[in-house]
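Shown next, in structure tokens, is the structure this report addresses.
The values are calculated or read from the model by the stated rules, or taken from the named source; none is laboratory data. Just so it is clear, the structure is predicted and the values come from calculations on it, not from any experiment. Here the Cβ is made from the backbone with ideal geometry for all residues, glycine too, and neighbour counts use every protein chain on show. Accessible surface areas use protein heavy atoms only, side chains included; no ligands, DNA or RNA. Shrake-Rupley method; radii C 1.70, N 1.55, O 1.52, S 1.80 Å.
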Amino acid sequence: MDENQKDLLKHLQQVESKAGEILTDRQEIVALDMRRNDDRVGMRALQKQKHDKAWLTVGPLLMKMSAKHAEELLKKDQNQCDVEINKLRSELKVKVNELRDLELQPPVPGLMLKPLSHSEMSAMNQVLGL
């Protein structure tokens, strides 16, 4: 192979590697979202029941514990899922822009937008007279 073909092959490997990372992150976000939804379903079931004890699966283990403690564990897991999902989503934006750079395309317009904070929104409402 000559030098030009080696450079092209290296570039294609970089593009494929970055695209693979993006797809893996998206799959992980979907899996975490499903886990977060399962936690929500479990918390709702615990709130509806009238028993003091509840059975909870933790990995391969089946444990009996107080309903309050089980609900606290589900809330902690749900919060952890939220943090991980937000982290993956913010990293995903950077990776998408890196991929577009490798493909010699401009960044996605509006990809890095952030919502207004509560104080910024209240200031906008005052300016608009709402």
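Got a sec? Charge dipole of the chain, +1 on Cβ for Lys and Arg, -1 for Asp and Glu; which of Q78, M63, M112 is way out at the positive end?
M63
Given a cut-off of 22 Å, name the pairs among K48/K75; K75/K95; K18/K93; K53/K76; K18/K114 whose C-alpha atoms lie farther apart than that in the structure shown.
Long pairs (Cα-Cα over 22 Å): K75/K95; K18/K114.
Quick check on the stretch 58-128: take the gyration tensor over C-alpha atoms, sort the square-rooted eigenvalues as a ≥ b ≥ c, and tell me if it's rounded (a/c under 1.5), prolate or oblate.
Oblate shape, in that a/c is at least 1.5 and b/c is the bigger or equal ratio.
Cβ neighbours within 10 Å, averaged per peptide: list 69-75, 40-46 in order, most packed at the top.
Answer by packing, highest mean first, reads 69-75, 40-46.
Placing +1 at every Lys and Arg Cβ and -1 at every Asp and Glu Cβ, with all other atoms neutral, what dipole size does the stretch 1-83 have around its Cα centre, in debye to the nearest 20?
The calculated dipole for the stretch 1-83 is roughly 840 debye.
What list of ³J(HN,Hα) values in whole Hz, one per residue of the stretch 82-99 in order, does the Karplus curve 6.51 cos²θ - 1.76 cosθ + 1.60 (θ = phi - 60°) give from phi, with Gly and Pro shown as x?
With coefficients 6.51, -1.76 and 1.60, one gets 4, 5, 5, 5, 5, 5, 5, 5, 5, 5, 5, 4, 5, 5, 5, 5, 5, 5 Hz.
How large a share of the accessible area of the chain, in percent, is made up of carbon and sulfur atoms when the probe is 1.4 Å and the other protein chains stay in place?
58 percent
Determine how many Å³ per residue the convex hull of the Cα atoms of the chain encloses.
157 Å³
Write down the accessible area per residue of the chain in Å², having rolled a 1.4 Å probe over the full set of protein chains.
79 Å²
Using the Karplus equation 6.51 cos²θ - 1.76 cosθ + 1.60 (θ = phi - 60°), what ³J(HN,Hα) coupling, rounded to whole Hz, does each residue of the stretch 105-119 give in order, writing x for Gly and Pro?
3J(HN,Hα) across the stretch 105-119, in whole Hz: 10, x, x, 5, x, x, 5, 9, 5, 10, x, 5, 6, 4, 5.
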